[in-house]
1. Restricting to segment 42-52, count the residues that are assigned to a strand (DSSP E or B), farther than 13 Å from Gly104 by Cα and either touching a helix residue (DSSP H, G or I) at 6+ places or on another chain (Cβ under 9 Å) or without any contact (Cβ under 8 Å) to a residue 40 or more places away in the chain (or both).
2. Looking at (1) surrounded by fewer than 18 Cβ atoms within 10 Å (Cβ to Cβ); (2) under 30 Å from Phe20 (Cα atoms), can you tell me which one Arg98 breaks?
3. Using the structure shown, decide if Leu110 is closer than 17 Å to Val43 by Cα and part of a strand (DSSP E or B).
4. Cβ contacts < 7 Å: first residue in contact (Cβ under 8 Å) with a residue 40 or more places away in the chain, restricted to segment 61-81; second residue of a type in the set (Phe, Trp, Tyr), any location; separation 6+ or different chain. Result?
5. Tell me which of these Ala74 doesn't satisfy, since it passes every other one: (1) closer than 20 Å to Ala126 by Cα; (2) of a type in the set (A, V, I, L, M); (3) modelled with pLDDT of 95 or more; (4) crowded, with 18+ Cβ neighbours inside 10 Å.
6. Kindly establish whether Gly88 is modelled with pLDDT under 95, within 26 Å of Glu31 (Cβ to Cβ) and not basic (Lys, Arg).
7. Mind listing whichever residues of segment 14-66 are buried (at least 19 other Cβ atoms within 10 Å of the Cβ), β-branched (Val, Ile, Thr) and modelled with pLDDT under 95?
Amino acid sequence: MPEIRRLAQPLGLDPRVRPFRRPGLIIDPREVVHTSHPAFGYVIDAGICRAAWAPEFWRFPDWASDVDLLFAEAAGWNRPIRFAKGVGGHAAALDVSREAEARGVRRLVLAHIGTPTIRALDKDEALPFGEAGQDGAVYELDSS
């Protein structure tokens, strides 16, 4: 953030985490448990459907329940990745998959895919629910 603030200042910009609201679209930042500094995901409300962007977290965020589309953490595969000194980390893809399905997420796309997950997917190991995100893919928000 210090580097972002330094670059933003000459442009007259004030970078901070805050909601974006326009008719038919609301993007709300929400805190995630990830590390020792503040970290955020977002709920994107398009009126008739909702998405959540939570690509990095240690604990599944309550606010990501019951969304139509969730982009989520997948750095670890079958076990979480804990940061040094216990200050957070990354959830495991298998845990995120199960939790998302149990919490009513309609479609799960793994967005922060780490080496353990890549290796598991390359061995044709399957997620109980959801899919791995693909570079350049378009994911449409659909309420049907």
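1. Initially, segment 42-52 is screened for residues assigned to a strand (DSSP E or B), giving 42-45, 50-52.
Okay, now just the ones that are also farther than 13 Å from Gly104 by Cα, so 42-45.
Still in the list and also either touching a helix residue (DSSP H, G or I) at 6+ places or on another chain (Cβ under 9 Å) or without any contact (Cβ under 8 Å) to a residue 40 or more places away in the chain (or both): 42-43, 45.
Counting residues in segment 42-52 that are assigned to a strand (DSSP E or B), farther than 13 Å from Gly104 by Cα and either touching a helix residue (DSSP H, G or I) at 6+ places or on another chain (Cβ under 9 Å) or without any contact (Cβ under 8 Å) to a residue 40 or more places away in the chain (or both) gives 3.
2. Status for Arg98: all satisfied but (2).
3. Numbers: closer than 17 Å to Val43 by Cα: yes; part of a strand (DSSP E or B): yes.
So Leu110 fits the description; yes.
4. Final answer for the pair search is Leu69/Tyr139; Phe71/Trp53.
5. That leaves (3) as the condition not met.
6. On the way: modelled with pLDDT under 95: yes; within 26 Å of Glu31 (Cβ to Cβ): yes; not basic (Lys, Arg): yes.
So Gly88 fits the description; yes.
7. Val32
The values are calculated or read from the model by the stated rules, or taken from the named source; none is laboratory data. Please read all numbers here as calculations on a predicted model, not as lab measurements. Glycine gets a Cβ as well: all are built from the backbone with ideal geometry, and neighbour counts include every protein chain shown.
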